[in-house]
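**Student:** Can you read through this structure? Questions will come right after.
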Amino acid sequence: MENTETTCQACFRPPLPAGADLKSETNQWVSYCRCQYTYKPNVQFTIAVCGKCRRRIPYQAGLNYRVPSDRFELCSCETPDAQKIPVQLKPGEKDPVSLDPASLLKNLAFPKEKYSPIALLGDTVRATTFLCRDKERNTRVAVKIFKNIPANLHQTFESEMRKIKQLTHTNIAKVADFGIENNCPYVVSEYKDGFSLEQCMAMYDIPSHDVAVKILISLCEVLVYAQSQSVLHRDIRPGNIIFIDDTNSEPTIAVTDFAMPKIKKSEELNHSWLTLYYSGDEARNLEYNEKAELYTIGGLGYFLLTGQPPFKDGTALDIKNSHALKLPPRISSLKFAADRPRDLEEVIERCLEKDPKERLETIAKLKERLEVFPRRIQMQIEAVKRAKQKAKMLRVGSISLGAVIALALAIMALGHK
């Protein structure tokens, strides 16, 4: 397929690069024209686990990752042993892959009476997360085992988790269970079959700006809902947003890992990973409120448009101080894109202002501002449709007029005979 024009006039998306095959594409991280695409069954329920490394296999095995794949717990085996994990097991059936959690948890306990570990989903300084089978409900779940919550905060953990468990939204990975196993806190949430924004960035590089906008709008919807339930997320970062592909409609997201405020306050910031998406207000010891949450949305937007966090150099303390005192480099100076609206960059950069008063008023206002961009594209599409319709009517009119003139001339000719 030759790339003969910059955008499709029906959907205002670019054509596929020369030589690419849309039929083999299974992700919507990058926008391409799909006007000639024949819809096929959704692939989002068929993510496979490698039987060798017990990690998930990307849709396109053999990708050259932009960063070491073991950082994001994805299979990097030369010849993955792909094993499909069904949504539910048939009577007498067993999952084709299992994992011994003791090899990863060291001295931490795992609730094996309730859940059967299948694969590793994530491993950070805070927690280790497993893809598991719920033995009672026969469903796939994500079980997170916390590493550093001291015993004196276990009651606080349970109290805060009860509040988070009440959240019910289409784009939230709902908490199904939580508890303490041999002094080890754990949380169980519904498993969302997708890859985190962090993993998608490692696999596919920066998303199209219209995809980034859709992600941010959906995130704002979730956070506005959570606010209505008196809950703030407090830990917006690429690893906590799952990109769920649906090749037959628009991609969606699932928000995971709402932070527990009192638990988070007890953390020692001894790892730079903890401060990459820190709120500038937190860094200045200000109250964490909606304005602080706006800052972290800005940090995520910055990541989606540039491929990196606002600040990334130095120790955890260095990064924290940068959030408190500095403005990040301009988005266009790091990743220039000619087709990306300049006012989109301005919206994201405004969220990252040091003074909370300089940011947008609310998350709902940010959502309204972001919705301008897809609406603008839709207006362009409608304008093209109207222009084509008008041109068609003019052609029909000119043909009709020509026919009338021809008929009149014929009548005149007959009259002269």
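The values are calculated or read from the model by the stated rules, or taken from the named source; none is laboratory data. Predicted, not measured: the structure shown is a model, and the values here were computed from it. Methodologically, a virtual Cβ is constructed for each residue, glycine included, from the backbone with ideal geometry; neighbour enumeration extends over all protein chains shown.
**Student:** Pull out all pairs, ordered by first then second residue, where Cβ-Cβ is under 6 Å, the residues are six or more apart or on different chains, the first lies in the stretch 289-307 and is assigned to a helix (DSSP H, G or I), and the second is charged (D, E, K, R).
**Tutor:** Here the result reads Lys291/Arg359; Ala292/Asp281; Leu294/Arg359; Thr306/Lys335, each pair linking the stretch 289-307 to a residue that is charged (D, E, K, R).
This table checks each residue for (1) over 20 Å from Glu371 (Cβ atoms); (2) touching a residue at least 40 places away in the same chain (Cβ under 8 Å).
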residue	(1), (2)
Pro207	no, yes
Val211	no, yes
Lys214	no, yes
Val222	no, yes
Ser228	no, no
Leu232	yes, yes
Ile241	no, yes
Ile244	yes, yes
Ala254	yes, yes
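**Student:** If we keep just the residues of the stretch 74-96 that are touching a helix residue (DSSP H, G or I) at 6+ places or on another chain (Cβ under 8 Å) and assigned to a loop (DSSP other than H, G, I, E, B), which is surrounded by the fewest Cβ atoms within 10 Å (Cβ to Cβ)? It would help to see each step written out before you state the result.
**Tutor:** First, pick out the residues of the stretch 74-96 that are touching a helix residue (DSSP H, G or I) at 6+ places or on another chain (Cβ under 8 Å): 74-76.
Filter once more, keeping what is assigned to a loop (DSSP other than H, G, I, E, B): 75-76.
Values: Cys75: 22, Ser76: 18.
Checking each candidate, the answer is Ser76.
**Student:** Taking the stated definitions as given, is Cys53 in a loop (DSSP other than H, G, I, E, B), at pLDDT 90 or above and of a type outside the set (A, V, I, L, M)? Quick ask: steps written out before the conclusion?
**Tutor:** Details: in a loop (DSSP other than H, G, I, E, B): yes; at pLDDT 90 or above: yes; of a type outside the set (A, V, I, L, M): yes.
The answer is yes for Cys53.
**Student:** Can you pull out the residues in the stretch 172-225 that are polar (S, T, N, Q), over 12 Å from the mean Cα position of the chain (by Cα) and surrounded by 18 or more Cβ atoms within 10 Å (Cβ to Cβ)? Don't jump to the end; show me each part of the working.
**Tutor:** Pass one, the stretch 172-225, residues polar (S, T, N, Q): 182-183, 189, 196, 199, 208, 218.
Pick out the ones that are also over 12 Å from the mean Cα position of the chain (by Cα) and you get 182-183, 189, 208.
Ser189, Ser208, listed by residue number.
**Student:** Quick check on the stretch 318-338. Is at least one of its residues closer than 17 Å to Leu223 by Cβ and assigned to a helix (DSSP H, G or I)? Show your work before the answer.
**Tutor:** Our first condition is that a residue be closer than 17 Å to Leu223 by Cβ; within the stretch 318-338, this holds for none.
The answer is no, given that none of the residues of the stretch 318-338 is closer than 17 Å to Leu223 by Cβ and assigned to a helix (DSSP H, G or I).
**Student:** Restricting to the stretch 97-114, and then to whatever is exposed (fewer than 14 other Cβ atoms within 10 Å of the Cβ) and not in a loop (DSSP other than H, G, I, E, B), can you tell me which residue is modelled with the highest pLDDT?
**Tutor:** Ala102
**Student:** Could you run through the stretch 270-283 and say how many residues are assigned to a loop (DSSP other than H, G, I, E, B) and surrounded by 15 or more Cβ atoms within 10 Å (Cβ to Cβ)? I'd like the intermediate steps shown before the answer.
**Tutor:** In the first step, residues of the stretch 270-283 are kept if they are assigned to a loop (DSSP other than H, G, I, E, B); the result is 270-271, 276-279.
Next, only the ones that are surrounded by 15 or more Cβ atoms within 10 Å (Cβ to Cβ) stay: 276-279.
Of the residues in the stretch 270-283, 4 are assigned to a loop (DSSP other than H, G, I, E, B) and surrounded by 15 or more Cβ atoms within 10 Å (Cβ to Cβ).
**Student:** Something else now. If you check Arg369 against the conditions, is it at pLDDT 95 or above and in a helix (DSSP H, G or I)?
**Tutor:** Numbers: at pLDDT 95 or above: yes; in a helix (DSSP H, G or I): yes.
When the stated conditions are applied, Arg369 passes them.
**Student:** Would the stretch 195-207 turn up any residue that is in contact with a helix residue (DSSP H, G or I) (Cβ under 9 Å, 6 or more places away or on another chain), farther than 20 Å from Arg234 by Cβ and at pLDDT 95 or above? So that I can check it myself, show each step before the final result.
**Tutor:** Taking the stretch 195-207 and keeping what is in contact with a helix residue (DSSP H, G or I) (Cβ under 9 Å, 6 or more places away or on another chain), we get 195-203, 206-207.
Then keep just the ones that are farther than 20 Å from Arg234 by Cβ; that gives 195, 199-203, 206-207.
With the extra rule that they be at pLDDT 95 or above, the set shrinks to none.
No, because not a single residue in the stretch 195-207 is in contact with a helix residue (DSSP H, G or I) (Cβ under 9 Å, 6 or more places away or on another chain), farther than 20 Å from Arg234 by Cβ and at pLDDT 95 or above.
**Student:** For the stretch 151-183, which positions are in a loop (DSSP other than H, G, I, E, B) and not hydrophobic (A, V, I, L, M, F, W, C)?
**Tutor:** Applying the first criterion (in a loop (DSSP other than H, G, I, E, B)) to the stretch 151-183 yields 166-171, 173-174, 182-183.
Answer for the stretch 151-183, where residues must be in a loop (DSSP other than H, G, I, E, B) and not hydrophobic (A, V, I, L, M, F, W, C): Gln166, Thr168, His169, Thr170, Asn171, Lys174, Asn182, Asn183.
**Student:** Please determine, by comparing only the residues of the stretch 241-261 that are touching a strand residue (DSSP E or B) at 6+ places or on another chain (Cβ under 9 Å) and under 13 Å from Glu293 (Cβ atoms), which one is surrounded by the fewest Cβ atoms within 10 Å (Cβ to Cβ).
**Tutor:** Quick first cut of the stretch 241-261, residues touching a strand residue (DSSP E or B) at 6+ places or on another chain (Cβ under 9 Å) only: 241-246, 251-258.
Filter once more, so that each one left must be under 13 Å from Glu293 (Cβ atoms): 255, 258.
Working: Val255: 23, Phe258: 26.
So, considering only residues that are touching a strand residue (DSSP E or B) at 6+ places or on another chain (Cβ under 9 Å) and under 13 Å from Glu293 (Cβ atoms), the one surrounded by the fewest Cβ atoms within 10 Å (Cβ to Cβ) is Val255.
**Student:** Okay, next question. What pairs come up if the first residue lies in the stretch 271-283 and is farther than 14 Å from Tyr302 by Cα and at pLDDT below 90, the second is of a type in the set (A, V, I, L, M, F, W, C) and in a loop (DSSP other than H, G, I, E, B), and their beta carbons are under 6 Å apart, counting only those six or more places apart or on different chains?
**Tutor:** Between residues of the stretch 271-283 that are farther than 14 Å from Tyr302 by Cα and at pLDDT below 90 and residues that are of a type in the set (A, V, I, L, M, F, W, C) and in a loop (DSSP other than H, G, I, E, B), the close pairs are His271/Val125.
**Student:** Among the numbered conditions (1) touching a helix residue (DSSP H, G or I) at 6+ places or on another chain (Cβ under 8 Å); (2) of a type outside the set (S, T, N, Q); (3) closer than 28 Å to Phe110 by Cα, tell me where Glu158 comes up short.
**Tutor:** It fails just one condition, (1).
**Student:** Sort through Asn183, Asn138 and tell me the only one that's within 23 Å of Arg55 (Cα to Cα), touching a residue at least 24 places away in the same chain (Cβ under 8 Å) and among the polar types (S, T, N, Q). Give the derivation first.
**Tutor:** On the way: Asn183 fails: within 23 Å of Arg55 (Cα to Cα).
Being within 23 Å of Arg55 (Cα to Cα), touching a residue at least 24 places away in the same chain (Cβ under 8 Å) and among the polar types (S, T, N, Q) holds for just one of Asn183, Asn138, which is Asn138.
**Student:** Taking into account only those residues within the stretch 117-148 that are surrounded by fewer than 18 Cβ atoms within 10 Å (Cβ to Cβ) and among the hydroxyl-bearing types (Ser, Thr, Tyr), which is modelled with the highest pLDDT?
**Tutor:** Per the stated criteria, the residue is Thr139.
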